[in-house]
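Student: Just dropping this structure here.
The values are calculated or read from the model by the stated rules, or taken from the named source; none is laboratory data. No experiment lies behind these values; they were computed from the predicted model shown. Glycine also receives a Cβ, built like all others from the backbone with ideal geometry; neighbour counts cover every protein chain displayed.
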């Protein structure tokens, strides 16, 4: 069985970044012959050439490109366990790192964190929001323990375990001051005249909102803002005559606060279920027990709902 040592992983990741053996050796405080020897040892053990030297520098072969993510994961995992050991030694406190879509930070994450605080003593929780692809990449290399995001056929999910949490229909919303807020029926012509907040272009949500617009014959919606930051979007909706899409549960929360209005449209769209993602084959998970506990809690909550 093949294992990369930390020094070997450092050299491979450095070569991937610098494309220069001499420069990588300097950064790792090695001589160039020593770096060449380390690389040769890895290639001999694997039986493949990992990097080719050319006029453009030291570039990875197809085998090297496959090994680079593995080397990065080793280094991230090593750093993570060092951080966790230091934290535990200083304060006897563990840290669970959660990544989530902005919409999930308003709905699912607060409930989860409250349950963890009740059942797990001495726990610190770190929450990071963002779009699904960057968050899953951080989960893949061990920078996050779990991710809460939407399902999508655009994402390669072979490396992750998934628990489907919930499905909420998306609704179109506006501020209470918007001219459409007083209408009992919304037509295609009404939507043609609107200014929109859309999700970022590289997201699944963007594709599905375009699909919804297509159903109303709106081929080129007038997009003024692209944002996945829920609170910013809500404030903008309250201050400007814009419309946007929100999950029903979150929209209802802001309706109860007297801020938003749901447009009475006849069409809806599925932006995908909310999913809890965990890493399937991580080299080392410092919080494996905590992650298992979260999965059990979420499964139990789903059964009881």
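Student: Anything in region 180-208 that is assigned to a loop (DSSP other than H, G, I, E, B) and within 31 Å of the chain's Cα centre (by Cα)? List them, or say none. Break it down into steps so the answer makes sense when it comes.
Tutor: Going through region 180-208, the residues assigned to a loop (DSSP other than H, G, I, E, B) turn out to be 183-187, 193-194, 199-203.
Matches in region 180-208: 194, 199, 200, 201, 202, 203.
Student: Pick from 113, 147, 141: which is more than 20 Å from residue 72 (Cα to Cα) and surrounded by 15 or more Cβ atoms within 10 Å (Cβ to Cβ)?
Tutor: Numbers: 147 fails: more than 20 Å from residue 72 (Cα to Cα); 141 fails: more than 20 Å from residue 72 (Cα to Cα).
On inspection, the qualifying residue turns out to be 113.
Student: Could you look through region 203-217, keep only residues that are in contact (Cβ under 8 Å) with a residue 24 or more places away in the chain and within 15 Å of residue 192 (Cα to Cα), and pick out the one that is surrounded by the most Cβ atoms within 10 Å (Cβ to Cβ)?
Tutor: 209
Student: Now for a different question. Residues 177, 220: which one is modelled with pLDDT of 95 or more, surrounded by fewer than 19 Cβ atoms within 10 Å (Cβ to Cβ), out of contact with any strand residue (DSSP E or B) (no Cβ under 7 Å at 6 or more places or on another chain) and in a loop (DSSP other than H, G, I, E, B)?
Tutor: Numbers: 220 fails: modelled with pLDDT of 95 or more.
Only one candidate qualifies: 177.
Student: Surrounded by 18 or more Cβ atoms within 10 Å (Cβ to Cβ) and either more than 19 Å from residue 132 (Cβ to Cβ) or in contact with a strand residue (DSSP E or B) (Cβ under 9 Å, 6 or more places away or on another chain) (or both): is that true of residue 246 in this structure? Walk me through it before giving the result.
Tutor: Details: surrounded by 18 or more Cβ atoms within 10 Å (Cβ to Cβ): yes; either more than 19 Å from residue 132 (Cβ to Cβ) or in contact with a strand residue (DSSP E or B) (Cβ under 9 Å, 6 or more places away or on another chain) (or both): yes.
Considered against the rule, which asks whether it is surrounded by 18 or more Cβ atoms within 10 Å (Cβ to Cβ) and either more than 19 Å from residue 132 (Cβ to Cβ) or in contact with a strand residue (DSSP E or B) (Cβ under 9 Å, 6 or more places away or on another chain) (or both), residue 246 comes out as yes.
Student: Counting just the residues of region 256-265 that are out of contact with any helix residue (DSSP H, G or I) (no Cβ under 7 Å at 6 or more places or on another chain) and touching a residue at least 24 places away in the same chain (Cβ under 8 Å), which one comes out farthest from residue 169 (Cα to Cα)? First the steps, then the outcome.
Tutor: Of region 256-265, the ones out of contact with any helix residue (DSSP H, G or I) (no Cβ under 7 Å at 6 or more places or on another chain) are 256-258, 264-265.
Then drop every residue that is not touching a residue at least 24 places away in the same chain (Cβ under 8 Å), which leaves 258, 264-265.
On the way: 258: 21, 264: 13, 265: 12 Å.
Across region 256-265, the extreme among qualifying residues is 258.
Student: Shifting gears a bit: If you check 165, 136, 172, which single one turns out to be farther than 30 Å from residue 257 by Cα and buried (at least 19 other Cβ atoms within 10 Å of the Cβ)?
Tutor: On the way: 165 fails: farther than 30 Å from residue 257 by Cα; 172 fails: farther than 30 Å from residue 257 by Cα.
Going through 165, 136, 172 in turn, the sole match is 136.
Student: So residue 251 ticks every box in (1) surrounded by 15 or more Cβ atoms within 10 Å (Cβ to Cβ); (2) touching a helix residue (DSSP H, G or I) at 6+ places or on another chain (Cβ under 8 Å) but one. Which box is left unticked?
Tutor: It is condition (2) that residue 251 fails.
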